[in-house]
Structures are given as structure tokens and as C-alpha cells.
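The values are calculated or read from the model by the stated rules, or taken from the named source; none is laboratory data. Because the structure is a prediction, the values reported are computed rather than measured. FYI the Cβ positions are ideal-geometry reconstructions off the backbone, even for glycines, and counts take in every protein chain you see.
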Amino acid sequence: MEKEKVIIIGSGPAGLTAAIYTARGQLNPLVITGPQLGGQIALTSEVENYPGVFNPNQVPTGPELVEIMQAQAEHFGARLEYDEVTEVDFSQGSPFTVKTWDKTYQAEAVIITAGASPRKLGVPGEDEFVGRGVSYCGTCDGFFFRGQDVIVVGGGDSAIEEALFLTKFAKSVTIIHRRDSLRAGPQLQKRAFANEKISFIWNSVVEEITGEEKVERVRIRNLQTGEVSEMPIDGVFIFIGHYPNSKFLEGKLAMDEHGYLITDELMRTSVPGVFAAGEIQDPIYKQMGTSVGQGVAAAMQAQKWLSEREA
Ligand code: NAP
């Protein structure tokens, strides 16, 4: 059993920020990265709205920001373990038990920043064609669709941002949205409407994805007229929101009906000594900036909690 002062579960902006703060606070934190170092921001092409790093000639990418945050955390002494938490036991209070695929740890305090994952459409063909035309990440897979026709499902910031990114590769990008107006912010909307490669199918949903070896077509239903049509397509990019990665915490911490951890203004969960930050407890803002701020707050509160306990 490895003994730690603080374990941070997850390595997105909230987790790496909590690592920087707890490391500078001499708590020697261990970050268990989870399956994706950097979390969702590591899969983001351009980050235009995070303050302090903007350069109009070369907008920073998500992976670049993750690299800097990781280097900053490690510089101050945080250790990163490339592993995934499979189980926790908070029932006996501190020290808590945290199990990964490889090891079992004891930690005096835990900061949970396990983030969120892309939601699925839940239509026939979706699972079957993941990696063969169905994708949840333009930054990762856009390159494979050079000169091809793709659709993007969704109308939020992610869908529009990724649709714009995909125009760098694809011949055409058709956005299929279930309503007749976008949820995305005005700046992104303006860019999408001005982009010649982007077109829209409104009030419509994808009902089925079909093909032989790879995606070849989608069946689309117009929600107003009920009309069903088939569209030949090479790629289907789905951006319809996220769900919190809290399954491993079910029954261990209080959460809302959607699985978001319930925290108070001090980032405390329902178990004293266990804190949470970032999208796993934030169904509202979900920004890199807010996650970073919550990571700072969780780290400071964990530090305070530990020092009060020792006093
Ligand atoms: P989102 O804002 O929740 O948008 C999800 C979109 O998918 C909505 O347009 C929604 O339609 C649609 N949708 C949901 N379920 C669907 C279904 N079953 N079938 C078809 N369409 C469905 O999610 P997001 O775009 O991933 O953004 C999440 C958060 O991150 C937001 O707070 C966003 O502001 C933020 N974000 C910000 C940036 C940025 O600032 N540059 C970039 C990315 C994300 P309705 O509109 O009808 O609900």
C-alpha cells in the first residue's frame, strides 16, 4: 500500500492546477492522470478564450497548454502516474483508499477532477463505426477526412468549433442540429455562417448510421415534417454535450440526478477530506478558466483541511 498526502484523480485543467498549488504547498501530490492526460482540453484544436496566453498569429492549442501546465506542476514537485482509478473507499474517512489498475494507495486527502466524456447519440450504427467514420474528436480524427464529406451533429460551442476546425481538411461540413437556431456563442456562429464549406440541416436528427466496412450514409429525420432522408457521407462527428466521469463514485459521494458531484462553495464533497473541481462537479460553466479556478480553490481547501487536522 503506497501512502500519499494528497491524491488528485484526473489531469485536466482542474487537476493540473490543483497539482501546481498543492505541490507549491509542499504536499507532494500524486496525480493519477486517467485515460487522457490533459482531459478534454488536450483534444481541443484552438483555445481562444483562456486568458494570458493569447497570440492572434498563433492561437495556442489544447495540447500546448496541457504541456505547459504539466511542466509547471512537475517543476514544483507533483508526480504524474499514468493510470486510471478503478475504485475508491471513502467509508472509513481519512486516510482514504484509492485503487488503480496497478496499485492501491492510501491518501490523507483526495481531490477529484475526473472531468467528463462526450455523450453518445445512442443510434444504431454509432458504436459499430467508432474509428471507422464515427468520431467525437475533430482534432484527433479530422486529418483522416481530407477531401471528404462529413457531418457534425450538435449546435453548441463544441459542435461549431469542431465544424470550423474540420473545414481545414474536409471538402464539406454539414451541421445537423435538432432545432432552428444554434446554442453556440455569437462569435463562433458568425464564423460558421461565413464559412463556405459549412452548410446546415435544421430541425433534424440522425437516426441511423450505416455502411459496410466504414460509414457510408446516415438516415436523417426532420422533426418538423417527419420526413426521413438518406445522405451519403464519409464521416460523422458527434458533439452533443458531455456526462461526468463519476461512475466509479456511485454510492460513495453525493451526486445529482445526472451524476455531477455535489460540492459546496469550498469545493467540499459529501465526505470530509474529499474535494472536487472541474467538470465532474460543474454542470454549468465547463470552461477551462472556471475549471482552473475550481482547481485552485480545491487545492487551497485541501491544504487548509490537512493543516487543521494536524494542528
Ligand atoms: P452543449 O452546450 O450542451 O451543446 C450540446 C448541443 O448538442 C446542443 O446544441 C444540443 O441541442 C445538442 N444535443 C444534445 N443532445 C442531443 C441529441 N440527443 N441529439 C441531437 N442533438 C443533441 O455542449 P458543448 O457544445 O459540448 O459545450 C459544453 C460546454 O463547454 C458549454 O458550456 C460550452 O459553452 C463550453 N465550450 C466552450 C467553448 C468555447 O468557449 N470556445 C468550446 C467548447 C465548449 P440544443 O441546443 O437543442 O439543446
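Considering only the range 183-194, I want to know if a residue exists there that is touching a Lys or Arg at 6+ places or on another chain (Cβ under 7 Å) and not polar (S, T, N, Q). Within the range 183-194, not a single residue is touching a Lys or Arg at 6+ places or on another chain (Cβ under 7 Å) and not polar (S, T, N, Q). Taking the criterion of being touching a His at 6+ places or on another chain (Cβ under 7 Å) and not hydroxyl-bearing (Ser, Thr, Tyr), the residues of the range 97-118 that qualify are 116, 118.
Name the residue, out of 88, 59, that is surrounded by fewer than 16 Cβ atoms within 10 Å (Cβ to Cβ) and either touching a His at 6+ places or on another chain (Cβ under 9 Å) or more than 13 Å from residue 34 (Cβ to Cβ) (or both). Within the list 88, 59, the selection yields 59. Taking the criterion of being free of Cβ contacts under 8 Å to residues at least 24 places away in the same chain and of a type outside the set (Asp, Glu), the residues of the range 37-60 that qualify are 52, 53, 54, 55, 56, 57, 58, 59, 60.
All of (1) without any contact (Cβ under 8 Å) to a residue 12 or more places away in the chain; (2) out of contact with any strand residue (DSSP E or B) (no Cβ under 7 Å at 6 or more places or on another chain) hold for residue 229 with one exception: (2). Apart from one condition, residue 126 fits all of (1) over 14 Å from the mean Cα position of the chain (by Cα); (2) surrounded by fewer than 22 Cβ atoms within 10 Å (Cβ to Cβ); (3) not in a loop (DSSP other than H, G, I, E, B); the exception is (3). For residues that are small (Gly, Ala, Ser) and in a strand (DSSP E or B), scanning just the range 229-286, find the one that is farthest from residue 12 (Cα to Cα). The residue in question is 229.
Tell me, yes or no, whether the range 263-273 has at least one residue that is buried (at least 22 other Cβ atoms within 10 Å of the Cβ), at pLDDT 95 or above and small (Gly, Ala, Ser). Within the range 263-273 (the criterion being buried (at least 22 other Cβ atoms within 10 Å of the Cβ), at pLDDT 95 or above and small (Gly, Ala, Ser)), the answer is no, since none of the residues qualifies. If the condition is being small (Gly, Ala, Ser), away from the ligand (no atom under 16 Å from the Cβ) and buried (at least 16 other Cβ atoms within 10 Å of the Cβ), then the range 240-262 contributes only 246.
Among the residues making up the range 170-211, a single one is buried (at least 19 other Cβ atoms within 10 Å of the Cβ), more than 12 Å from the ligand (Cβ to nearest atom) and assigned to a loop (DSSP other than H, G, I, E, B): 170. If the condition is being over 19 Å from residue 42 (Cβ atoms) and modelled with pLDDT under 95, then the range 56-114 contributes 56, 57, 102. Considered as a group, the residues in the range 13-54 that are within 16 Å of the ligand (Cβ to nearest atom) and polar (S, T, N, Q) include one that is nearest to residue 100 (Cα to Cα), and that residue is 36.
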